[in-house]
Each structure stands twice: as C-alpha cells, then as structure tokens.
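J.: Below is a structure I'd like to ask you about.
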Amino acid sequence: MGPSQFVSHCTADAMVVAAQKLIDGHLVAFPTETVYGLGADATNEMAIAKIYAAKGRPADHPLIVHVHSMHAMGDWADEIPAFAIALARDFWPGPMTLILNRSSLAQDFITGGQNSVGVRVPDHVVALALLSALHGLGGKGIAAPSANRFGHVSPTTAQAVKDELGSYLNEQDQILDGGPCTVGVESTIIDCTGDMPKILRPGAITAEMITTSTGLEVLDSTGTSIRVSGSLDAHYAPAAQVLLDQQPLAGQGFIALVATATPQDVIRLASPNNDVEFAQSLYASLRKADELGLTHVVIEQPTGSGIAVAIRDRLKRAANGR
Ligand code: TXA
Ligand code: MG
C-alpha cells in the first residue's frame, strides 16, 4: 500500500480539493462507468510524465482527454466532422472515446506525437463532478489512462487501483472511490478522422449503435497505422494463464455464464446472469484469480453481439499473456 490518500466521501468540497490537486500537478485516480482512470491535468507536461511513470507505460502511447461536456470538444479538436457531433450528442456522457484532429491545446505529450486526440465525457457522477470542479478552476480536461500497470487488467474498484498503483503514487496524489464500475470494460474508441467512423477498440457502444446514430457504415481497425496500446496482442492480462473455451481442470479458475455448471474441484470465479454482468465482473474475477494464486483461469466466452464483442476482444488479448 502506498501513502496516497483514499477518498470515499466524494462531496462537492472534496471534488474542489481533488481538482486543485490536478491543477497543482498531482495525480488523481477517479471512477468512470467503464474502468477507473489515473488522471492528470491534460495541459501539464510534468503531471502527464507522472502518469507514464506510475503505469510503466511507453511514452508514445497517447492518452484520452476527459472533459465535462461535449461543448469542450472544440477546445481539444479542430475540424470536427458532423458524424462525430452526432455521436457525441447521442452517447455522451457515456462509454465512448472519439479520436479527432487535434487542436493546438492537444500537445505531443498527450497524443504521443500523433495529429489526433482522444476525447471522452464519462458517465459517472464522481467523474463529472471532478471535471466540473476542474472546469470551475479554469482547467481544460483530465488526461487519464486506465489506472493499472501497463499491460495488466484495468481496475474496476478503488481498492483495485490502490492494490495496483498504491506504491507508485505519492502522498499528494489521491484515489477517489465511486464504487464498482457499472460497465466494466473500457470505452469504445471510434476514429473520426476519416470519412467514416472506424472502431479501434470495441466497447459498450456497438457498431450497430454507431450506424443508427450517424447513418454511416462502420469500419473495423484492420489496416490502421494509429497506435492503440490496447490493441497490442497481449494486454488486459492477469498473472494467471487465461485459457478460452476449454474444459476446466481441478484447481483451475473458471468464469462462465450462470447456465454452465462448475465441474468438481474447479474454482468458480464468476457466474454472471448475462453479458452485461459478464463485462461488469470480468476484471474483478481475473484479479481474484491472482489473489488466490491460481495458475490457470478457464473462461467460456459469451457468444452474442453487443457488449459480448468487447468481452471477446479483451479475452483474446488476455489469453495471449503478459
Ligand atoms: O474507458 C476508457 O476508455 C478508460 C477510462 C479511464 O476512460 N480509459 C482507457 O485509457 O482505457 P487507456 O489509456 O488505458 O486506453 C486508451 C486507448 C489507448 O490504447 C490509446 O492508445 C488509445 O486509447 N488512444 C488514445 N488517444 C489516441 C489517439 N489519438 N489515436 C489512437 N488511439 C488513441
Ligand atoms: Mg488501459
């Protein structure tokens, strides 16, 4: 455990204190509806460097800028296409990140030197209160990757953030506790720099939803040259070896929808009732496997569309190891 402060009463006053910490160049981990983020003032290069150090993340991996309202899109992006505005109207606040042409405010230390920037309005009362407090203090946005060490499982509770990063934060930094994340997998990332929306990372906002909102066909990420760290083959991985769609053996962990029974001497880690619950509980279940010191976790993948697409995307990478 590190010495950083853990804040579980996220009152308006506490949010002003946290926002001031951001302005002063400290890190504040905060809840969103997807996963917890490790935040810093998106205009402060020194503060951003602390994020990379705490995560152990390569410096050319870009960060998502979180803003309090879609009206702040124009601070960070230029030449925003009409279809991106339609998406923002329909799905923000929500589990969606838009990749847009960057403005001069989005400097290389945010974008990894690319000409695009990722922007998102998260749908969580604590995140929105923090972003509004920052806005009130003249701040422009919070850059935040998922609050885990590079390549590891994203945290979906404040305690998981503390377990993961506590020893890399200092006593000026804070972890805000807003309860368990309701979505549980990271936001859908949509590249809006071309003529058509392109999904770089699947999430709760699906291709069907994007088409309904924009009237446009949606591309997948094949052939893109944009760097997405979450698209590395091995990512989102626990220490335990993840095996997909196999018969679990005695002593191994097991995650499957509730309809699948647990074979004898297999350690059932989660029995979600549906795909939404599967996403909600997945990362906490993988962390539990590591806490129990299991060597293998077998996962029976959900087969449906919707959020199941994002679950299978993360599981494929988790199965590739660390
Ligand atoms: O749900 C989420 O998106 C969470 C919460 C905290 O908002 N954040 C998150 O951040 O997952 P991170 O950094 O762990 O993953 C964001 C991904 C990275 O793979 C990054 O490479 C990609 O977004 N990304 C950010 N800016 C980009 C850009 N300009 N072009 C392409 N990819 C970008
Ligand atoms: Mg991440």
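The values are calculated or read from the model by the stated rules, or taken from the named source; none is laboratory data. Predicted, not measured: the structure shown is a model, and the values here were computed from it. We place every Cβ from the backbone using ideal geometry, glycine too, and count neighbours over all the protein chains shown. Keep in mind that these areas ignore ligands, DNA and RNA; they rest on the heavy atoms of the full protein, side chains included. Shrake-Rupley method; radii C 1.70, N 1.55, O 1.52, S 1.80 Å.
J.: Expressed as a whole percentage, what fraction of the accessible surface of segment 5-214 belongs to carbon and sulfur atoms when a 1.4 Å probe is rolled over the protein heavy atoms?
T.: 52
J.: If I take R0 = 45 Å and measure r between the Cβ atoms of Gln246 and His61 in this structure, what FRET efficiency does the formula 1/(1 + (r/R0)^6) give, to the nearest 0.05?
T.: 0.90
J.: What length, rounded to one decimal in nm, is gained on full extension from Ser167 through to Thr303, with 0.36 nm per residue of separation minus their alpha-carbon distance?
T.: Taking Ser167 through Thr303 to full extension adds about 45.1 nm, to one decimal.
J.: Given H placed 1.01 Å from N in the peptide plane, which residues other than close sequence neighbours of Val7 have an amide H under 5 Å from its amide H?
T.: HN-HN under 5 Å from Val7: Ile175, Leu176, Asp177.
J.: Would you mind telling me the share, in percent, of accessible area of segment 241-318 contributed by carbon and sulfur at probe 1.4 angstrom?
T.: Whole-percent figure for carbon plus sulfur exposure: 52.
J.: With a cut-off of 20 Å, note down the residues of segment 302-322 whose backbone N falls inside the zone around a label point 7 Å from the Cα of Arg149 toward its beta carbon.
T.: 317-322, by backbone N distance to the label point.
J.: Per residue, how much accessible area does the chain have with a 1.4 Å probe, in Å²?
T.: Averaged over the residues of the chain, the accessible area is 40 Å².
J.: Over segment 5-214, what is the relative contact order in whole percent, taking alpha-carbon pairs under 8 Å and six or more residues apart?
T.: 32
J.: Please compute the length gained on full extension between Ser103 and Asp290, using 0.36 nm multiplied by the number of residues separating them and subtracting their Cα-Cα distance.
T.: In short, 63.1 nm is gained.
J.: Using just the helices of the chain, give the 222 nm mean residue ellipticity in deg cm²/dmol: DSSP H runs with n ≥ 4 each add -39,500 (n - 2.57), and the total is spread over all residues, rounded to 500.
T.: Roughly -9000 deg cm²/dmol at 222 nm, from the helical runs in the chain.
J.: Moving on to the next point. If I take the Cα coordinates of the chain and project them onto the principal axes, what are the three extents in Å, biggest first?
T.: Here the Cα extents, ordered largest to smallest, are 58, 49, 32 Å.
J.: Using 0.36 nm per residue, how much length does the chain from Asp13 to Thr260 gain when fully extended, once their Cα-Cα distance is taken away?
T.: Extra length available between Asp13 and Thr260 comes to 84.2 nm.
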